[in-house]
Amino acid sequence: MKKTRRIEIAFELLRIVIAIAIAYVLAMIVLFFISEQPMEAIKSFAFGPVSTKRRFSSVIELAIPFMFTGAGMCMMYSANRFNLAGEGIFLFSGCIITLCSFQLAPLGLSPLIFPLILILIGAIAGGILALIPALAREKLQVNEVVVSIMLNYALLYISNFILRNFMLDTSVTYSASFELPESSKLINIWQGTRLHTGIFVALFVVVAVWIFLYKTPWGYSIRTCGLNASYAKYVGINVVVSCVVAQIIGGACAGAGGAVQILGLYDRYQWDSLTQYGFDGLLVSVLAKRNPILVPIAAFMLAYLRIGADIVNYVTDVPAEFISVLQAIIILLVAAQSFLGGVRDKVIYDSAKKGMKAEEKKEEVK
């Protein structure tokens, strides 16, 4: 069983790599025909994100929120629930922890403890908010996709209300809060870039979600509910509780991500529209095949594509929207079950056959 699992993970990685390679080849062909500077566009798109320290750090910075929302969506996706409240939760968490930072600043908390407390507050807020569409689905049989999308806009308007009525700094020319307390910010870890300690929090969350899903009884219950709710109910698993827990944890991941994003990259809270990080988390979870251990790879890949598109748009005549086509190709190839599925099944079959023959030989020796 463990060997089969390793083969499946290896093939998922291979599928992602091949999907990226195919998409890049197609992109280069298209760029050659639509751009007046095809070679420059191809070079910028393929190698631009790693051409300088600043650009490469931007890829990692962008991958951090993707890891939080991607891990959260993997948790929900494993329970076969598509709660999209992570989008609104990400934004609202950033707002609420900013407000809390002003209230907690007079306590003189350590710069090591203060950010962790705020991240925990964001995670708790995210878990509580994710309960709304979760309970609507499990108790009232209301589609969680509809409820969560409506909740996203409600959280946006509530965040804007809090910003304008409780923490708006009228001394600046744009809509933003007062400056965050210095002791609440995450520490920069790479001089000359904006890369911060939030990357370690993101990796911790990814590993914690993976351990929970694959190494605990609760995780087994959640995955069983996602694969076959009727069977899970038959064997005594509380489907309602398992699915609600999955969505609470998923919301907590998004809430922690919003807090880390604000504390790591901003001096003030200034989001007045949805960030799209929650919806990007759904893409990451699809690319990772709802396996949290693959989330960092999928997040880095998506961030690399986005930064590459920005560079191409900046230095050539190719519009940044071109990346949407490339992104769609990659997602389609990775999401398609039949893409390399036959090869994977054959390898698993051959491996099992060899294992059976080895067992037979052992029996003969005995």
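FYI, it's all coordinate maths here, none of it is from the lab. Owing to the predicted nature of the structure, the values given are computational and were not obtained by experimental measurement. Virtual Cβ from ideal backbone geometry, glycine too; neighbours counted across all protein chains shown.
Observations on the structure shown:
- Taking 216, 197 and counting other C-beta atoms within 10 Å, the order from fewest to most: 216, 197
- The stretch 143-179 versus the stretch 272-290: alpha-carbon centroid distance in Å: 20 Å
- Counting lysine pairs in the stretch 2-335 that sit 8 or more residues apart in sequence, or on different chains, and whose Cα atoms lie under 20 Å apart gives 7.
- By the Stokes-Einstein formula, at 0.692 mPa s and 37 °C, the stretch 142-228 with its Kirkwood radius over alpha-carbon pairs has D equal to 187 µm²/s.
- For the stretch 6-100: rounded, prolate or oblate by the Cα gyration tensor [a/c cutoff 1.5]: oblate
- Within the chain, all pairs of alpha-carbon atoms sorted by distance into 10 Å bins from zero give the percentages 5, 21, 28, 25, 14, 5, 1, 0, 0.
- Exposure proxy order (Cβ contacts within 10 Å, fewest to most) of 287, 84: 84, 287
- Kyte-Doolittle mean at least -0.5 and Cα axial length at least 27 Å: DSSP H helices in the chain: 2-34, 53-78, 114-140, 144-166, 239-265, 295-315
- Shape of the stretch 227-275, Cα gyration tensor, a/c cut at 1.5: prolate
- Simple point charges give the picture: +1 on the Cβ of Lys and Arg, -1 on the Cβ of Asp and Glu, and for the stretch 2-335 a dipole about the Cα centre of about 1260 debye.
- The relative contact order of the chain comes to 33 percent, based on Cα pairs under 8 Å that sit 6 or more residues apart.
- Prolate/oblate/rounded label for the stretch 86-222 (Cα gyration tensor, a/c 1.5): oblate
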